[in-house]
Amino acid sequence: MDRDDEQDRHTRAEQRLGTVGVAHRSVGAREATRANLAWWDADADDYQAAHGEFLGDADFVWCPEGVREADARLLGDVRGRRVAEIGCGQAACSRWLAAAGARPVGLDLSAGMLRHARAGAARTGIDVPLLQATADALPLADGSMDAACSAFGALPFVASVEAVFAEVRRVLRPGAPWVFAVTHPMRWIFPDDPGPAGLTASQPYFDRTPYVEVDADGRATYVEYHRTVGDYVRALAATGFALEDLLEPEWPAGHTRVWGQWSPVRGKLFPGTAIFRARACP
């Protein structure tokens, strides 16, 4: 996939939502949820067309660098384990987990993405429970899960990462792993460009004001939040997790795929992904 195709995908979603510009302002949970629900519903078909082949129908790919759970085993032995995938999208990870002997449930805000999850189940014959829900209000019982994961799922789009972590901790049994992959926080300081223009710092790392796209009436049509590495670490500690590892995948030799801002040009110089592996404290 090239940069023009990726830009076209975003442009089509923006046109559907009436996006006219970018605002630099705070956004609360209700407005962010409404905006990002509309965004992912509008973008679901194009996202799947652009990235479905790379993600696979029943594969667990953690990040654009191509780290796979089959190799990394960040969740450990999943056989017989109840696993919640937060922000599952088309649920390829959940289907991989099911094939590996786990008992997954996929949760996502977007009905459009869950429609693709059901289509993936039909193609593979691997059916997993799917729930439409926000990441900060999980419709799961206390202590009902043996693990939780999120591969570039809901976390960048929620107003309070602490609220999400608290919900994940609530549904996990003590000692259960919580593993999530997000855009590496240092990427915030660079323009969202996979080429040479994306190598020059332009945005303060410590500015947590979210990136907001708006329509002609000033309503948010897309919201993405920034947290520093320290913000994630402190949020985990405050909500009952012990951080065990922080992985920063290197760009693989011979990997030429461009995915949004991810590219060989940038990947050889600084990380694009951070994968946090934590465990629920007793």
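Scanning the stretch 43-68 for residues that are of a type in the set (Phe, Trp, Tyr) and at pLDDT 95 or above gives PHE60, TRP62.
Mind listing just one residue for me: the one in the stretch 234-263 that is among the β-branched types (Val, Ile, Thr) and either under 17 Å from the mean Cα position of the chain (by Cα) or open to solvent by less than 40 Å² (accessible area, probe 1.4 Å) (or both) and, of those, modelled with the lowest pLDDT?
Residues of the stretch 234-263 that are among the β-branched types (Val, Ile, Thr), as a first pass: 239, 256, 258.
Now restrict to residues that are either under 17 Å from the mean Cα position of the chain (by Cα) or open to solvent by less than 40 Å² (accessible area, probe 1.4 Å) (or both): 239, 258.
Numbers: THR239: 98, VAL258: 91.
Per the criteria, the residue is VAL258.
Can you go through PRO174, PRO204 and tell me which one is touching a Gly at 6+ places or on another chain (Cβ under 9 Å), in contact (Cβ under 8 Å) with a residue 12 or more places away in the chain and part of a loop (DSSP other than H, G, I, E, B)? Answer to the selection: PRO174. For the stretch 126-166, a residue qualifies if it is aliphatic (A, V, I, L, M), under 26 Å from GLY28 (Cα atoms) and either open to solvent by 50 Å² or more (accessible area, probe 1.4 Å) or not in a loop (DSSP other than H, G, I, E, B) (or both), and the qualifying residues are LEU131, ALA137, ALA148, ALA151, LEU155, VAL161, ALA163, VAL164, ALA166. Here GLY120, GLY66, GLY112 are screened, and the one residue that is assigned to a loop (DSSP other than H, G, I, E, B) and touching a residue at least 60 places away in the same chain (Cβ under 8 Å) is GLY66. Counting only residues that are open to solvent by 10 Å² or more (accessible area, probe 1.4 Å), under 22 Å from ALA163 (Cα atoms) and among the aliphatic types (A, V, I, L, M), the stretch 88-110 holds 2 of them.
Count of the stretch 229-247 residues, restricted to those that are more than 20 Å from CYS63 (Cβ to Cβ) and part of a strand (DSSP E or B), is 2.
The values are calculated or read from the model by the stated rules, or taken from the named source; none is laboratory data. In this text the structure is predicted, and so the values were computed from the model without any measurement. With ideal geometry, Cβ positions are generated from the backbone for all residues, glycine too; neighbour counts draw on all protein chains shown. The protein model used for the area step is the full one, side chains on, heavy atoms only, and it has no ligands, DNA or RNA in it. Shrake-Rupley method; radii C 1.70, N 1.55, O 1.52, S 1.80 Å.
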